[in-house]
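A.B. asks: I'd like to ask you about the structure that follows.
The values are calculated or read from the model by the stated rules, or taken from the named source; none is laboratory data. Quick caveat: nothing in here was measured; it's all calculated off a predicted structure. Note: ideal-geometry Cβ built from the backbone for every residue, glycine included; neighbour counts use all protein chains shown. Each accessible area value is taken on the protein alone, full model and side chains, heavy atoms only, with ligands, DNA and RNA left out. Shrake-Rupley method; radii C 1.70, N 1.55, O 1.52, S 1.80 Å.
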Amino acid sequence: MTMAEWVARVLIELPSTLHYEWSSPAGAGTEWYGPGSRPDLYTVHTSSPPLWVLEAKGALRITQAHMRKGAAQLAVMRPPVLHAAHHRVLVGTSMEPRLFTLVEHETQAPAKHSAPFDGPMDVFQEARARLLAYAFLTSIPASARRTVTVAEGGRTRRFGESDDSTAEVRRVMRVRRVETGYPIQERPTGTRQMLVAELPGTGLRIGMSRPMMQACGAVLAQLHEAMNATAAQRPGWEYLAPGSILAPSQWLDSDLELAAFKAEVDRQSLGEQRSAAEEAYRQAVSTDRPTQPVFDAPELAPAEADLELFTDDSYLALSRESVLAGPIRST
């Protein structure tokens with residue numbers, strides 16, 4: 001799955017991916033959540049067609065049998081599972097005798113009477129892909145969070161160690177801190193602040209911007225509302241209350257019932273989720289000024305990370321001392 005995500009995000013330069021069980025795209029049919037195997041991931045891009053579906057296969061020594069199974073899972077993406085034209089990508093990864101990845105790609109033409117596709121999901125897609133990170137960041141104590149400042153640069157992925165604009169922003173903030181003796185309480189213009197926390201014991205820090213945090217919160221609120229409304233339609237349909245993110249409990253006696261529940265939640269709320277995410281994000285951007293306090297985080301000083309990767313809305317940093325760093329610790 002990791003290599004499939006790498007192929008999607010780095011090689012093909014697709015937006016954030018979503019697992020098929022989390023939501024359905026425009027053009028999905030009545031059996032998107034139905035029984036049987038499905039491809040792992042999907043995403044929406046500005047390409048034509050915009051929908052991409054990916055299946056990941058991996059083994060110590062990958063074989064044709066693994067790849068044929070993956071191809072069969074991609075082949076089910078036809079009506080009534082999916083009506084829209086789409087790209088199909090099969091990613092096979094083998095670890096022995098050395099790590100390598102195979103990528104197969106085809107474009108599936110639309111079926112007759114294909115449902116119209118409403119284009120990239122943008123903020124909604126990004127927010128849905130980051131809900132687990134949002135749950136983590138909002139559930140930990142405030143003392144475990146910090147605020148990291150970066151220069152604005154759009155959706156382009158940038159590295160902290162080579163981003164001159166971010167380096168200059170942080171230099172200015174350090175100078176101001178030395179001059180005043182206190183952590184800076186407002187940041188230079190043209191910057192974004194990220195709420196960041198370390199995943200315990202990993203040396204890996206993850207974070208996101210205030211606008212994206214607001215969008216995630218709006219999506220989650222709409223999801224809970226739709227799940228409550230859907231559960232109320234039938235006796236015995238219920239789910240765990242907010243506080244356990246999207247966690248079905250003992251309801252639903254079969255995969256068919258689970259599929260029906262998910263499909264009904266999507267039917268009721270996908271449009272509302274998109275609208276809520278876009279509105280929350282827009283409002284947060286309009287008020288995200290240098291003097292705006294961010295998240296009530298305890299520290300507004302710049303963070304010096306060994307390795308950083310970020311956009312205007314997402315943040316990832318890895319310590320060179322982390323067990324995840326591997327060979328880079330000796331470079």
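A.B. asks: Go through the residues of the range 52-72 one by one and say whether even a single one is polar (S, T, N, Q) and touching a strand residue (DSSP E or B) at 6+ places or on another chain (Cβ under 7 Å). Lay out the reasoning, then the answer.
C.D. replies: Restricting attention to the range 52-72, the residues satisfying the condition of being polar (S, T, N, Q) are 63-64.
From the residues that got through so far, the ones that are touching a strand residue (DSSP E or B) at 6+ places or on another chain (Cβ under 7 Å) too are none.
The answer is no, given that none of the residues of the range 52-72 is polar (S, T, N, Q) and touching a strand residue (DSSP E or B) at 6+ places or on another chain (Cβ under 7 Å).
For (1) in contact with a Leu (Cβ under 9 Å, 6 or more places away or on another chain); (2) at pLDDT 90 or above, each residue gets a yes or a no:
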residue	(1), (2)
MET3	yes, yes
TRP6	no, yes
LEU11	no, yes
TYR20	yes, no
TYR33	yes, no
LEU41	yes, yes
SER47	yes, no
ALA56	yes, yes
ALA71	yes, yes
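A.B. asks: Right, something else. When you scan the range 189-211, do you find a residue that is touching an Asp or Glu at 6+ places or on another chain (Cβ under 8 Å) and in a helix (DSSP H, G or I), even just one?
C.D. replies: Yes - at least one qualifying residue is present in the range 189-211.
A.B. asks: Can you name the residue in the range 155-183 that is touching a residue at least 12 places away in the same chain (Cβ under 8 Å) and among the polar types (S, T, N, Q) and, of all such residues, is farthest from MET212 (Cα to Cα)?
C.D. replies: Step one: list which residues in the range 155-183 are touching a residue at least 12 places away in the same chain (Cβ under 8 Å), which gives 155-161, 163, 165-166, 168-170, 172-174, 177, 183.
Now restrict to residues that are among the polar types (S, T, N, Q): 156, 165-166.
Details: THR156: 16, SER165: 22, THR166: 20 Å.
Result: SER165.
A.B. asks: From ALA260, ALA229, ALA284, ALA317, grab the single residue that is assigned to a helix (DSSP H, G or I), outside the structural domain of SER162 (by the TED database) and at pLDDT 85 or above. Reasoning before the result, please.
C.D. replies: Details: ALA260 fails: at pLDDT 85 or above; ALA229 fails: at pLDDT 85 or above; ALA317 fails: assigned to a helix (DSSP H, G or I).
Only one candidate qualifies: ALA284.
A.B. asks: Pull up the range 91-109, narrow it to residues that are assigned to a loop (DSSP other than H, G, I, E, B) and either touching a residue at least 60 places away in the same chain (Cβ under 8 Å) or farther than 18 Å from SER47 by Cβ (or both), then point me to the one that is most open to solvent (accessible area, probe 1.4 Å). Before the answer, list the steps.
C.D. replies: Let us first name the residues in the range 91-109 that are assigned to a loop (DSSP other than H, G, I, E, B), namely 95-99, 109.
Now restrict to residues that are either touching a residue at least 60 places away in the same chain (Cβ under 8 Å) or farther than 18 Å from SER47 by Cβ (or both): 95-99.
Numbers: MET95: 122, GLU96: 79, PRO97: 102, ARG98: 163, LEU99: 108 Å².
Here the residue is ARG98.
A.B. asks: Considering only residues of the range 152-183 that are crowded, with 19+ Cβ neighbours inside 10 Å and in contact with a helix residue (DSSP H, G or I) (Cβ under 7 Å, 6 or more places away or on another chain), which is farthest from ALA280 (Cα to Cα)?
C.D. replies: Only one residue fits best here, namely GLY160.
A.B. asks: Kindly indicate whether any position in the range 82-90 is without any contact (Cβ under 8 Å) to a residue 60 or more places away in the chain and open to solvent by 50 Å² or more (accessible area, probe 1.4 Å).
C.D. replies: Within the range 82-90, one or more residues are without any contact (Cβ under 8 Å) to a residue 60 or more places away in the chain and open to solvent by 50 Å² or more (accessible area, probe 1.4 Å).
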